[in-house]
Amino acid sequence: MINLRPKVRIENLVKIYGENPQHALHLFREGGNRDEILGATGNVLGVADVSLSINEGELFVIMGLSGSGKSTLVRCINRLIDPTSGHVYIDDEDIVKVSKERLREIRRTKISMVFQRFGLFPHKSVLDNVQYGLEVRGIDADVRRQKALDTLEVVGLRQWADYLPSALSGGMQQRVGLARALATDAPILLMDEAFGALDPLIRRGMQEELIRLQRDLQKTIIFISHDIQESLKIGDRVAIMKDGYMVQVGTPQEIVTNPADDYIREFTLDVNRAQVLTTGAIMRSEQQFSLQRGSARLALEDMQDLSRHHMFVITDGKPVGLLVRDELEAAVGRGVQDVHQVMITDFPRVQADMNLEQVFSIAQDGIPLAVVNDGGKFEGMIEPTDIFAGISAAPQNDRQASAAHRHATSQQLVS
Ligand SMILES: Nc1ncnc2c1ncn2[C@@H]1O[C@H](COP(=O)(O)OP(=O)(O)OP(=O)(O)O)[C@@H](O)[C@H]1O
Ligand SMILES: [Mg+2]
């Protein structure tokens, strides 16, 4: 569960690299862009006035191309880099203003970081690598050994504790790096391109593992990626950066269905929408027929009044049957009274948080799906055509790309 309490809050953060950042900052405030500032001062605008609020328990992804300022932004969060201007609040404490001593304390207790190249000590065993973060925190030998073993268990590497990192594959080494960060119990995890060095297949496995770990551990994770597919897959929310600026922050669905500008639209063309969009986003909450209301004739009148071809029959809030208008009409014509005799009872049921890819395989030709909650109560319905429209809908002002994309997406689904 994401708590709507901000854990990390970034306010108007600016980072300028170079000799005279204050002068460059002045130019920036006057409206100068990155190139102008570089030309006039030789200084590099790394992060340009970024404000963000990251909630407790959120898996928050910062995405952008190389040089867009992702690492700079994240390193300002634990002040590996000092911002030129602005604030970074962790639990409402502005870490830009704290003393050196307090900063050390915050780093020890609240934040841990996982790096792209794992950062493991080659001559230390896997166990000692995982213990390391606890050792520097001054934790007892017995306690830290047990904690390290427990955390290795969590990432599935308990039996590798006594090996050297070189005996492990890249994906396993990255899990050791992750275990080292997790073992500290720090509530905030910063992951800078943590999966960047992994093979695609292993990388996908790690993404799933991170989602699973996050569900169990409830950390606040700030994850950097330059891969849009990865970002939209794992992020509760995704922030997209360009040239130091924050261009859009939103849920994966918001970014795919409502890109803020052409730059982001361009990115989302490559996205497999079926994986990003959920059933809840396209479901219709149309009227259903209550079984208590009675006869087949009444049901038919409802469907005619509402111009509906399909209607779910509900009792106690749960869908129990599906009416198809043509069949209902024929049955009423034959004098059938009881709705039970005409309704289809083996219609598919899906949940609102399933993505369209999962739902696509369940959908049968022409029959709508009932969307139900955990308790089996009716939440809405979707038609198979809704699923297809949701998957293939592409930006409207780019029709050619959209047609090509639609084609590509349907190919992908068929194969
Ligand atoms: N120490 C530095 N001195 C000068 N400029 C720097 C320094 N570190 C980063 N920059 C510049 O700041 C900008 C943002 O860099 P940053 O490393 O934050 O980008 P990034 O999004 O993490 O890129 P990547 O995906 O390649 O890791 C870039 O233009 C980079 O050249
Ligand atoms: Mg970087």
Inset, instruction - Please enumerate the residues belonging to the stretch 44-98 that are within 14 Å of ligand 1 (Cβ to nearest atom) and in contact with a His (Cβ under 7 Å, 6 or more places away or on another chain). - result: MET63, GLY64, LEU65, SER66
Legend entry - Test for ALA186: is it within 16 Å of ligand 1 (Cβ to nearest atom) and of a type outside the set (S, T, N, Q): no
Inset, instruction - Enumerate the pairs (first residue in the stretch 237-257 and within 18 Å of VAL47 (Cβ to Cβ); second residue anywhere and of a type in the set (D, E, K, R) and within 12 Å of ligand 1 (Cβ to nearest atom)) with beta-carbon separation below 7 Å, excluding pairs fewer than 6 apart on the same chain, so at least 6 apart or on different chains. - result: MET241/LYS70; ASP243/ARG34; GLY244/ARG34
Legend entry - Scan of the stretch 92-122 for residues that are touching a Pro at 6+ places or on another chain (Cβ under 9 Å) and outside any helix (DSSP H, G or I), ordered by number: ASP92, VAL96, LYS110, ILE111, PHE118, LEU120, PHE121, PRO122
Inset, instruction - Would you mind telling me which numbered condition in (1) at pLDDT below 95; (2) buried (at least 20 other Cβ atoms within 10 Å of the Cβ) ILE222 fails? - result: (1)
Inset, instruction - Look at the stretch 64-84 and say how many of its residues are among the polar types (S, T, N, Q), buried (at least 18 other Cβ atoms within 10 Å of the Cβ) and either more than 14 Å from ligand 2 (Cβ to nearest atom) or part of a loop (DSSP other than H, G, I, E, B) (or both). - result: 3
Inset, instruction - Would you check which residues across the stretch 122-147 are of a type in the set (A, V, I, L, M) and either farther than 16 Å from LEU182 by Cβ or at pLDDT below 95 (or both) and list them? - result: VAL130, LEU134, VAL136, ILE139, ALA141, VAL143
Legend entry - Yes/no for GLN253 being part of a helix (DSSP H, G or I), more than 16 Å from ligand 2 (Cβ to nearest atom) and in contact with a strand residue (DSSP E or B) (Cβ under 9 Å, 6 or more places away or on another chain): yes
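Here's the yes/no breakdown for (1) farther than 22 Å from LEU356 by Cα; (2) touching a Cys at 6+ places or on another chain (Cβ under 6 Å); (3) at pLDDT below 95:
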{"position": "LEU152", "(1), (2), (3)": "yes, no, yes"}
{"position": "ALA179", "(1), (2), (3)": "yes, no, yes"}
{"position": "ARG204", "(1), (2), (3)": "no, no, yes"}
{"position": "GLU208", "(1), (2), (3)": "no, no, yes"}
{"position": "ARG237", "(1), (2), (3)": "no, no, no"}
Legend entry - Residue in the stretch 184-202 that is nearest to ligand 2 (Cβ to nearest atom), counting only those that are modelled with pLDDT of 90 or more and outside any loop (DSSP other than H, G, I, E, B): ASP192
Legend entry - Which numbered condition GLY32 fails, given (1) over 20 Å from the mean Cα position of the chain (by Cα); (2) at pLDDT below 95; (3) of a type outside the set (A, V, I, L, M, F, W, C); (4) within 30 Å of ASP216 (Cα to Cα): (4)
Legend entry - Pairs where the first residue, in the stretch 165-190, is within 14 Å of PHE121 (Cβ to Cβ) and the second is hydroxyl-bearing (Ser, Thr, Tyr), C-beta under 6 Å, 6+ apart: ALA179/THR151
Inset, instruction - Name the one entry in VAL61, VAL47, VAL114 that is closer than 20 Å to ARG180 by Cβ, crowded, with 19+ Cβ neighbours inside 10 Å and within 16 Å of ligand 2 (Cβ to nearest atom). - result: VAL114
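The values are calculated or read from the model by the stated rules, or taken from the named source; none is laboratory data. Not measured: the values here are computed from a predicted model. Quick reminder, even Gly has a Cβ in these numbers, built from the backbone with ideal geometry, and neighbours come from all protein chains shown.
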